[in-house]
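> I am attaching a structure below and will ask some questions about it afterwards.
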Amino acid sequence: MKLASLKRGGRDGTLLVVSRDLTRAVVVEQIAATMQAALDDWATINPQLEVVARALEQGAVDGEFAFNIADCASPLPRAYHWVDGSAYVNHVELVRKARGAEMPESFWHDPLVYQGGSDDFLGPNDDILVPSEEFGIDMESETAVITDDVPMGTTADTAGKYIRLLMIVNDVSLRNLIPGELAKGFGFYQGKPSTAFSAVAVTPDELGDNYANGVFKLPLHTHLNDKLIGAPDCDVDMTFNFHQLIEHVCKSRRLGAGTIVGSGTVSNYDRSKGSSCLAEIRMLETIEHGSPKTSFMKYGDQVRVEMFDDNGISIFGAIDQKVLPSK
């Protein structure tokens, strides 16, 4: 089943059921007005949504209309909790290597996460508005899951049963602001503006064998100005799967329904797969040449993040955004 949020009906949008081929949709306000409302009572709401999804596939639902990604907000236009990890530790290792820093051994068995701003997510076609190009504008292509209520102390062995939906992500970063923030010893804030998510969130069964044990098993494609910069495999070099990330963040707290957990930048040791962010490209250039050759994004640049199934069909729709100056 594929779900989306139409940009209407208030800041939390209006819940849609979307056809598998992303061509048709239907409003399901009579079942749940918003994505959050569906997640708040998933056990009751999900079976009703599945009935609509099956009818939509059979062309047997009233009120269907042509689905347009541009009309969509993020599946959750705002969320109670957004926690992003850095599950691809080779990416972290590369970052530190580029600046001549050793990576603590603990990073290989103790996940890195931060809690991001979740009050103002971007839709898949929303512009990335930034006050200055000097901030070092970068994309970070990732995967993410949305959870149900998750009890404190949940272990990786049982975490999977709380994952309700899957998405892809562009976690925008302002690279030139981050070092100064981290130097204060208190984490990100200004360097992590609004995050963008795919038009649709899908139930895990939609990916079939391409999602298992808390891991997406497909490449994630990133284009900048129509040039492919990377398509690393999500199931390769993922040090911590989503079950392990959930275990980590539930060590001292519970998660509320609608919590989003991100994977961090998808990255492979096989550099022929390319990169999911410009910072990684710049790091590799620094290691090879002594300094970066690639610039961060500029106003007018277009970034596109997308995942395809085994038949080459877009699963989540494309995150397709232009970088523009804020006003």
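> Label GLN48 and ASP21 with points 7 Å out from Cα along Cα→Cβ: what is the distance between them in nm?
A separation of 2.9 nm, rounded to one decimal place.
> Can you give me the accessible area per residue for the chain, using a 1.4 Å probe, in Å²?
44
> When a/c is below 1.5 the answer is rounded, else prolate if a/b is larger than b/c, else oblate, so apply that to region 257-327 with a ≥ b ≥ c taken from the square roots of the Cα gyration tensor eigenvalues.
oblate
> Setting aside same-chain residues fewer than 8 positions from LYS273, which lysines have a Cα under 22 Å from its Cα?
Answer for LYS273, where 22 Å is the Cα cut-off: LYS97, LYS217, LYS227, LYS293, listed by chain and number.
> Among SER267, MET283, ALA37, whose Cα sits farthest toward the positive end of the charge dipole of the chain (+1 at Cβ of Lys/Arg, -1 at Cβ of Asp/Glu, about the Cα centre)?
Of SER267, MET283, ALA37, it is MET283.
> Sticking with this structure for a sec: Taking amide H atoms as placed 1.01 Å from N in the peptide plane, list the residues 5 or more away in sequence, or in a different chain, whose amide H sits under 5 Å from that of THR34.
Result for THR34 returns LEU15.
> Could you state how much accessible area ASP21 has, in square angstrom rounded to the nearest 10, with a 1.4 Å probe and all protein chains kept in place?
Using a 1.4 Å probe on the heavy atoms, I get roughly 80 Å².
> Sticking with this one: Please work out how much length the chain gains when fully extended from MET152 to PHE308, using 0.36 nm per residue of separation minus the C-alpha to C-alpha distance, in nm with one decimal.
52.7 nm
> Still on this model: Along the charge dipole of the chain, which of HIS223, PHE65, MET167 sits closest to the positive end, that is, farthest toward it, with unit charges on the beta carbon of Lys, Arg, Asp and Glu (+1, +1, -1, -1)?
HIS223
> I've got another one for you. Rank-order 298-305, 175-182 by packing density, defined as the average count of other C-beta atoms within 10 Å over each peptide's residues, highest first.
298-305, 175-182
> In addition: Taking Cα atoms, how many degrees apart are the long axis of helix 278-289 and the longest axis of the chain, rounded to 10 and kept between 0 and 90?
Roughly 30 degrees between the two axes.
> Would you calculate, for the chain, the mean residue ellipticity at 222 nm contributed by helices, counting each DSSP H stretch of 4 or more residues as -39,500 (n - 2.57) and dividing by all residues, to the nearest 500?
-5500 deg cm²/dmol
> Are there GluC sites (Glu not before Pro) in region 76-165 that DSSP puts in a loop and that have at most 15 other Cβ atoms within 10 Å, and which ones?
GLU102
> Let me ask something additional. Using a 1.4 angstrom probe on heavy atoms only, work out the carbon and sulfur share of the accessible area of the chain in %.
Answer for the chain: carbon and sulfur cover 48 percent of the accessible area.
> Spelling out what I want: for every residue of region 234-242, take phi, set θ = phi - 60°, compute 6.51 cos²θ - 1.76 cosθ + 1.60 (Karplus), and round to whole Hz; glycine and proline get x.
In residue order, the calculated couplings are 5, 8, 9, 6, 8, 5, 10, 7, 5 Hz.
> Right, next: Compare the peptides 314-320, 22-28 by average per-residue count of other Cβ atoms within 10 angstrom and give them in order, highest first.
In decreasing order of mean packing, 314-320, 22-28 become 314-320, 22-28.
> If you take the square roots of the eigenvalues of the alpha-carbon gyration tensor of region 288-327 and sort them as a ≥ b ≥ c, do you get rounded (a/c under 1.5), prolate (a/b over b/c) or oblate?
oblate
> I need the shape label for region 1-158. Rule: rounded when a/c is under 1.5, else prolate if a/b > b/c, else oblate, with a, b, c from the alpha carbon gyration tensor.
Note, shape of region 1-158 comes out prolate.
> In straight Cα distance, which aspartates and glutamates are under 15 Å from LYS251, not counting same-chain residues fewer than 8 positions off?
Excluding near neighbours in sequence, the set is ASP110, ASP149, ASP157.
> Also, quick follow-up: How large is ³J(HN,Hα), in whole Hz, for each residue of region 22-39 in order, when computed from phi with the Karplus curve 6.51 cos²θ - 1.76 cosθ + 1.60 and θ = phi - 60°, using x for Gly and Pro?
Coupling constants for region 22-39: 6, 9, 9, 8, 9, 6, 10, 4, 5, 9, 7, 6, 9, 4, 4, 4, 5, 5 Hz.
> In addition: So how far apart, in nm, are the two label points at TYR299 and GLU181 if each is 7 Å from Cα heading toward Cβ?
2.3
The values are calculated or read from the model by the stated rules, or taken from the named source; none is laboratory data. Keep in mind that this is a model prediction, so the values were computed, not measured. Here the Cβ is made from the backbone with ideal geometry for all residues, glycine too, and neighbour counts use every protein chain on show. Just so you know, the surface numbers come from the protein's heavy atoms only, side chains and all, with ligands and any DNA or RNA stripped out. Shrake-Rupley method; radii C 1.70, N 1.55, O 1.52, S 1.80 Å.
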